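Here it is: the structure, laid out below.
A short reminder: the numbers here are calculations on the coordinates, not readings from a lab. Values in this document were obtained by computation on a predicted structure and should not be read as measured data. Methodologically, a virtual Cβ is constructed for each residue, glycine included, from the backbone with ideal geometry; neighbour enumeration extends over all protein chains shown.
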2 protein chains.
Amino acid sequence: MLNFTVGPVMSPEDVISVAGVSAPYFRTPEFSKTMLENEEMFLKLLNAPEGSRAVFLTASGTGAMESCVMNILSDKDKVIVINGGSFGERFAMLCRLHRKKYTEVKCEFGKQLTRGQLSGLEDHTALLINMHETSSGLLYDMKMVSQFCKENGILLIVDAISAFLADELDMTELNAAAVLTGSQKALACQPGVSLVALAPEALKRINDNEEVCMYLSLKDALINGVRGQTPFTPAVTILLQIHKRFEDIISCGGTKSEISRISKVAEQFREGIRDLPLMIVPENPSNAVTALTPLSKGAKEIVRILKEEYGIWVCPNGGDKADSVLRVGHIGHITYEDNKVLLDALCEMYISKRL
Amino acid sequence: MLNFTVGPVMSPEDVISVAGVSAPYFRTPEFSKTMLENEEMFLKLLNAPEGSRAVFLTASGTGAMESCVMNILSDKDKVIVINGGSFGERFAMLCRLHRKKYTEVKCEFGKQLTRGQLSGLEDHTALLINMHETSSGLLYDMKMVSQFCKENGILLIVDAISAFLADELDMTELNAAAVLTGSQKALACQPGVSLVALAPEALKRINDNEEVCMYLSLKDALINGVRGQTPFTPAVTILLQIHKRFEDIISCGGTKSEISRISKVAEQFREGIRDLPLMIVPENPSNAVTALTPLSKGAKEIVRILKEEYGIWVCPNGGDKADSVLRVGHIGHITYEDNKVLLDALCEMYISKRL
């Protein structure tokens with residue numbers, strides 16, 4: 001199957017080959033070294049500020065989102081949650097569950113957040129945003145958001161689960177206190193690990209806050225991370241894959257080249273569908289994915305035909321968007337030739353009036 | 001390296017081969033079918049009572065332990081925690097963190113729990129036990145514990161992380177409300193997934209209890225599991241490995257044959273060290289591991305020599321037992337020939353006065 005979903009995605013051959021052996025025992029200096037390098041490379045790729053740390057949780061991106069809400073925020077905070085789709089909604093649910101005072105800023109599906117929407121919220125203390133709202137494919141105006149947070153001394157927590165390595169992201173420039181991502185998005189490893197980078201401001205808060213959950217404790221992860229270890233048995237194989245992938249990315253020119261590679265794959269696809277009855281949903285699409293509304297046919301049927309007749313996975317949407325939106329991912333080991341296979345399939349479907 | 005630790009362990013070749021490809025997209029009927037079969041096979045291997053369910057968390061065993069404490073127990077419970085080592089201690093810490101009323105029954109390291117120690121605790125409502133306390137290698141007298149719980153209407157939660165498939169475990173016979181295990185122990189898959197089987201009594205409690213944590217919510221996992229899905233992106237590859245492994249175990253005669261295979265590996269090892277200055281620590285050792293106290297030399301140095309000179313990993317202990325206890329695992333893809341390699345190494349070390 002050709003996989004154009006937004007995760008798990010196709011992995012490069014050398015990352016895959018790491019997985020094809022038994023997981024090694026990990027309470028060893030060798031594994032510690034790997035983990036310390038993982039931390040260093042992740043922070044480097046993010047251009048994290050001096051004094052930052054990173055931890056690796058054996059959990060999905062949601063686990064990392066919840067961990068940040070539990071460990072970084074406190075009851076004194078007044079939190080802004082940007083909600084422009086199902087992942088923004090998840091941040092709101094997490095604030096509700098953990099009894100944080102929060103204000104939701106709702107964005108219409110696929111519509112850009114404006115400075116005006118943040119007016120009146122200057123007295124808040126933290127802001128949670130899914131830099132790329134993966135459900136609509138929209139990339140938020142992070143410069144504006146970051147500026148707003150800087151001006152008002154607001155702590156910025158960035159879910160970059162599907163944006164890291166796909167869209168421009170400089171942790172220092174953004175002045176982000178925390179950035180989180182997952183192993184199975186543009187990092188193109190198997191799913192099971194989420195990564196959290198923490199600037200000194202977040203580290204201080206984690207240290208001051210009371211423990212809420214042992215398994216998702218950032219404090220514990222940070223303490224163990226000093227010696228390159230995790231508090232509990234991690235998904236060892238995936239951590240080894242991440243190490244290989246980080247090395248590859250750095251040796252190929254770092255974040256910028258990887259973003260450029262993915263953006264070209266996205267561009268080629270978007271160019272290729274120009275004459276097809278597919279409308280790009282978001283105002284400002286992320287490089288990671290193109291969310292599309294089919295103008296003539298239902299999304300579900302298109303997803304089905306691609307899968308069953310062409311051996312191609314694209315991503316359906318859930319809930320009330322299930323039949324009106326489908327998503328084509330550009331992350332993972334996708335080549336121009338793969339793109340061409342998908343575009344040819346879509347053209348053929350169009351000619352036979354099934355698109 | 002030959003891996004004799006207690007996890008991650010060596011995987012059989014056909015389980016490993018499942019991991020050597022990109023993770024497939026998982027919001028599909030095919031993956032749902034795999035997961036429904038995983039649930040069915042897990043419950044079958046445990047002989048879980050009618051009406052039981054099982055969920056698969058992308059988390060370590062500790063994640064599953066915490067999930068059970070958070071989701072099954074309530075503030076009204078009076079909990080007994082059997083604490084005979086670092087994993088019993090962890091259950092106590094979890095009860096403390098989540099403000100459950102609990103009584104700790106301390107067992108000396110490697111010593112069996114007796115009925116007398118439970119006297120006076122008949123008014124309690126739940127009991128948490130690590131069936132095999134992996135730090136000391138002791139297998140608790142589960143018949144006695146189960147009998148005590150049955151007589152007094154006490155809910156029994158069994159951490160079988162390192163006991164499942166290694167030691168006799170019949171969920172119906174034990175009348176256990178929950179049994180949990182991990183992917184990287186006798187299941188011999190890569191680490192990253194923990195499994196929780198839930199009898200109707202536990203299901204009712206989960207349904208009645210308020211949500212504490214989104215990521216470790218058993219309620220959410222159960223609801224999604226009905227259609228063979230997980231609430232969040234799981235460690236897809238490991239779930240596919242588990243499926244393969246369950247199929248293999250069932251086709252080779254089920255739990256009994258697997259336990260018998262592991263117990264023979266353990267027996268052969270224990271027989272082989274009879275004349276060496278190594279004392280077996282626990283009164284009643286699990287088949288999964290043999291914890292040993294070296295009588296002449298320090299444990300750390302023995303672990304180091306085996307690793308560096310023989311390419312063999314055995315498991316060091318942590319904390320104050322680091323130099324007095326080492327552990328040799330018998331789970332995973334260990335053959336009699338592998339055992340012989342380890343025994344030859346130990347004999348050679350003994351002859352050269354390094355054991």
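Over the stretch A:151-225, what is the mean sequence separation of C-alpha contacts under 8 Å (at least six apart), divided by residue count, expressed as relative contact order in percent?
Contact order relative to length: 23 percent.
Only Lys, Arg, Asp and Glu count, each charged at its Cβ (+1, +1, -1, -1), so figure out the dipole size of the protein assembly as shown about its Cα centre, rounded to 20 debye.
In debye, rounded to 20, the protein assembly as shown gives about 560.
Compute the distance in nm between two label points, each set 7 Å from the Cα along the Cα-to-Cβ direction, one at B:ASP248 and one at A:ASN47.
4.8
If we hang a label 7 Å off Cα along the beta carbon direction at A:SER119, how far is it from the matching labels on the other copies, in nm, shortest first?
7.7
Describe numerically, in nm with one decimal, the distance between label points set 7 Å from Cα along Cα→Cβ at B:GLN117 and at B:ARG99.
In this crude label model, B:GLN117 to B:ARG99 measures out at 3.0 nm.
So what's the projected area for chain A, the Cα convex hull averaged over all directions, in nm²?
In nm², the orientation-averaged hull projection of chain A is 17.1.
Now a separate question. Near A:LYS256, which lysines are there with a Cα under 21 Å away, not counting those fewer than 8 places off in the same chain?
Partners found: A:LYS44, A:LYS143, A:LYS185, A:LYS244, A:LYS264.
Also: Between B:CYS95, B:CYS213, B:CYS149, find the one with the highest GNM mean-square fluctuation for chain B; connect C-alpha pairs within less than 10 Å.
Comparing B:CYS95, B:CYS213, B:CYS149 in a Gaussian network model of chain B, the most mobile one is B:CYS213.
Relative contact order, percent, of the stretch A:1-136 when contacts are C-alpha pairs under 8 Å separated by at least 6 residues?
This gives 21 percent for the stretch A:1-136.
Let me ask something else about it. Distances from A:GLU267 to the same residue in each other copy, label points 7 Å out along Cα→Cβ, in nm, shortest first?
Copy-to-copy label distances at A:GLU267, shortest first: 6.9 nm.
List the distances, in nm to one decimal, from the label point of A:GLY51 to the label points of the same position in every other copy, shortest first, placing each label point 7 Å from Cα along the Cα-to-Cβ direction.
Inter-copy label distances (nm, one decimal, shortest first): 5.8.
Now a separate question. Name the residue farthest towards the positive end of the dipole of the stretch A:261-328 from the options A:LEU306, A:LEU278, A:PRO294, assuming +1 on Cβ of Lys and Arg, -1 on Cβ of Asp and Glu, about the Cα centre.
Sorting the options by dipole projection puts first A:LEU306.
Please state the charge dipole magnitude for the stretch B:236-278, taken about the Cα centre, from unit charges on C-beta atoms (+1 on K and R, -1 on D and E), reported in debye and rounded to the nearest 20.
So the magnitude is around 60 debye.
Hey, another quick one. What helices does chain B hold that run 24 Å or longer along their axis, going by alpha-carbon atoms, with a Kyte-Doolittle average of -1.0 or more, using DSSP H for the helix calls?
Span-like helices, by this rule, are B:29-46, B:255-272.
Please say if the stretch B:24-147 is rounded, prolate or oblate, where rounded means a/c under 1.5 for a ≥ b ≥ c the square roots of the C-alpha gyration tensor eigenvalues, and otherwise the choice is prolate for a/b larger than b/c and oblate otherwise?
In terms of gyration-tensor shape, prolate.
Divide by every residue of chain A the summed helix terms, -39500 (n - 2.57) for each DSSP H run of at least 4, and state the resulting mean residue ellipticity at 222 nm, rounded to the nearest 500 deg cm²/dmol.
Computed ellipticity for chain A at 222 nm equals -12500 deg cm²/dmol.
Specify, for chain A, the residue whose C-beta is closest to the rotation axis mapping it onto chain B, with the distance given in whole Å.
With distances in whole Å, chain A gives A:GLY20, 2.
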